[in-house]
Amino acid sequence: MAVCTVGGLVAATAYTVALGANGWVWFSWVVVALVTIGVLAARPV
C-alpha cells in the first residue's frame with residue numbers, strides 16, 4: 001500500500017510537471033495517502 005502511495009506521488013508530480021497542476025490529481029493522491037495511513041494505523045503491532 002505504501003509503495004502504491006509513493007508511486008502515486010511520483011505520478012502526480014510527473015503529471016503536474018508535464019501538463020500543469022490538476023486539483024483532482026492531487027485530491028486523489030491525498031485520499032490514497034490518508035487511506036494508507038489508516039491501514040497502517042489499524043494494523044496490529
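The values are calculated or read from the model by the stated rules, or taken from the named source; none is laboratory data. Values in this document were obtained by computation on a predicted structure and should not be read as measured data. Glycine also receives a Cβ, built like all others from the backbone with ideal geometry; neighbour counts cover every protein chain displayed. Keep in mind that these areas ignore ligands, DNA and RNA; they rest on the heavy atoms of the full protein, side chains included. Shrake-Rupley method; radii C 1.70, N 1.55, O 1.52, S 1.80 Å.
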Legend entry - Degrees separating the helix 2-19 axis from the principal Cα axis of the chain, which is the longest one: 10 degrees
Inset, instruction - Quick one: among Ala12, Ala33, Ala21, which has the greatest mean-square fluctuation in a GNM of the chain with alpha-carbon springs under 10 angstrom? - result: Ala21
Inset, instruction - Please go through the chain and write out the chymotrypsin sites (Phe, Trp or Tyr not before Pro) that DSSP classes as loop and that have at most 14 other C-beta atoms within 10 Å. - result: none
Legend entry - Computed FRET value (nearest 0.05) for Leu40 with Ala14, which takes r as the C-beta separation and R₀ as 30 Å: 0.75
Legend entry - Degrees separating the helix 23-42 axis from the principal Cα axis of the chain, which is the longest one: 10 degrees
Legend entry - Computed [θ] at 222 nm, helices only, for the chain once each DSSP H run of length n ≥ 4 contributes -39500 (n - 2.57): -29000 deg cm²/dmol
Inset, instruction - May I ask you to give the solvent-accessible area per residue for the chain, in square angstrom, as obtained with a 1.4 angstrom probe? - result: 76 Å²
Legend entry - Computed log₁₀ I(q)/I(0) - Debye formula, equal Cα scatterers, no solvent, the chain, q 0.34 Å⁻¹: -1.16
Inset, instruction - Report the label-to-label distance for Asn22 and Val6 in nanometres (one decimal), using points 7 Å from each Cα along the Cα→Cβ vector. - result: 2.4 nm
